[in-house]
Each structure stands twice: as C-alpha cells, then as structure tokens.
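Reading through the structure tokens given below for one structure.
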Amino acid sequence: MRPETLDATFAALADPTRRAILARLATGEATINELAEPFAMSQPAISKHVKVLERAGLVTRRIDAQRRPVRLEAEPMKAAASWIDDYRKFWERRFDALDAVLDEMKAEEKKSR
Amino acid sequence: MPADRSLKFERSNHALTFVRQFDATADQVYRAHTDANLIRKWLLGPPGWSMPECTHENRIGGKYRYVWAHSDEQGFGIGGTILDLKPGTRIVHTELFDGVDMGGETIVTTHFDEDGGVTTMRMCVIYDNPDVIEAALATGMTDGMQMSYENLDRLVAN
C-alpha cells in the first residue's frame, strides 16, 4: 500500500462519524440526505466525510437520475476484513515507531551510565 | 531470540487482544506508555498529522487525552482514566473515542512481560457488550447480515 493510501485510510477510519457511515452503507446504498439523517450534522458536513471515504477507496458514488447514492466499494464482508486490516496496520505503524523510541531510550541510558 | 516485531491479533466475544514484542526491558516499554513526552513520539500519525494535545497523568485515577490534527482532515481524539498501574508490569485504563463512536467506552489492559531482554506486550481491549465488538470490527454490519466470526476469520485468512 502506498503511504498516501495509508494516510487516506487512516483519516477515513479514525473518525467515528465515518465509521458510522460505513456501518450504514453496509446495509445498502444511501444518498447524502439519508446518511445525514441519524446525525446532528448538516449535509455539507456529511458530504465532506463521504469525500474522505471516497478518497480512501472505501465508497463510490454513482449517478442515478437526480440521485447520487453512495455505496460501499467492496462487498461488505470484504470491507469488514479490510477494516480490521487497516486498524491493525494503524497499530503496526505506531508500534514500529515505538521500536525507534525504545532504541533512543536505550542509547540515552547507555550515555548516562 | 530477537523480538518478534509482527503484530499478533486475537479476538473473542468481549475482547480484542494485540500481542507485540519489543527489543527492550519491560520497564522501558512501560515508560514509553506512561511518559507523555515519549508517548507523543510514537503515537503521532503519518506525516501531516500533529498532536496538539498529548497529556497523560501517570497515576491511578489520572486522566489522559490524545488529540490528532491535520491541516486537511478532521482531527480526532481519545481520552480516558487510568484505573490501575503496576510499574513495569501492567496498565489498565478506560478508552473513549470522541464523538458518536459505536464502541462506547472500553477497558484496556496492557501487560508487559520480559524474558531475556525481550518484552512481550499484550494489549487487551474489553467491550461491555459483545455486539459492540462485532459492530466495531465489521463496521456495524450486524442487522440481517448474520455474519459469523467464522466467516470473518475465513475472509481475513484468505
């Protein structure tokens, strides 16, 4: 996965509203209007969230007459698997960063000994 | 034996568990989890992200709060209370994501176990409601999907 894709996924999954939108889309496609309903949020705000999800490749929008419904890009179960994968990747990267911090700590302790 | 730096992931009804080894003493890994200055160094996200808030009161009953920000993205935060601390051995804390998170507050227990200079960390995230874990993992596709953990395991394995 390219770093920019990972960044987009990180952003997409980090936000609870976006996770809730994905949950809603798992039950079928929906318009921005329909997605906005359960949230105390404006349509432009929901639209912004959907754009982030689009950029991460998690959802697509199609044109259907006047409607532009949003749908999960992958079939739902596959999306779930990829969700877990992304969540795990997030922690993997954080713990890889922790390895570097631990190395710094060890070097500092050696120096002060 | 060098540390196994892969992240292991286990799942049961009420809990998610991450297992990871580090080439460091249990005391060092523990400190990296309880000292705000050290936490900030490794919890910071990919390039472009910053942490405008990273506080961690290192005592039982203390609060912690981590906030991530990005110039083009909506930021997010996690916070909670430290329930138990045993230096070099164990941290127990509550964890709550900002906003309308589906998971609600979880209890996270992190164990550090050192053997020959390698520390094995087990981070166990416990949910009150077993449904929540499925929702959190499967992005909420519980209604009508009848998705079993077995299905999911198979998919992840493929």
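The values are calculated or read from the model by the stated rules, or taken from the named source; none is laboratory data. Keep in mind the model is a prediction, meaning the values are calculated, not measured. A quick note on method: Cβ atoms are made from the backbone with ideal geometry, for glycine too, and the neighbour counts reach across all protein chains shown. Only protein heavy atoms, including side chains, enter the accessible area calculation; ligands, DNA and RNA are left aside. Shrake-Rupley method; radii C 1.70, N 1.55, O 1.52, S 1.80 Å.
Structure notes:
- Checked against the criterion of being in contact with a Cys (Cβ under 7 Å, 6 or more places away or on another chain) and open to solvent by less than 30 Å² (accessible area, probe 1.4 Å), the candidates B:ALA36, B:ALA3, B:ALA26 yield just one match: B:ALA36.
- Among all positions in segment B:52-62, there is no residue which is on the phi < 0 side of the Ramachandran plot, assigned to a loop (DSSP other than H, G, I, E, B), open to solvent by less than 10 Å² (accessible area, probe 1.4 Å) and within 11 Å of chain A (Cβ to nearest Cβ).
- When each of B:MET141, B:MET121 is tested for being at pLDDT 75 or above, of a type in the set (A, V, I, L, M) and touching a helix residue (DSSP H, G or I) at 6+ places or on another chain (Cβ under 7 Å), the lone residue that passes is B:MET121.
- Within segment A:63-106, tally of residues that are part of a helix (DSSP H, G or I), more than 7 Å from every other protein chain (Cβ to nearest Cβ) and modelled with pLDDT under 80: 6
- Looking only at segment B:96-109, and only at residues there that are open to solvent by 30 Å² or more (accessible area, probe 1.4 Å) and in a strand (DSSP E or B), the one that is modelled with the lowest pLDDT: B:PHE97
- Among residues of segment B:1-51, those that are more than 18 Å from B:CYS124 (Cα to Cα), assigned to a loop (DSSP other than H, G, I, E, B), among the small types (Gly, Ala, Ser) and without any contact (Cβ under 8 Å) to a residue 60 or more places away in the chain, counted: 2
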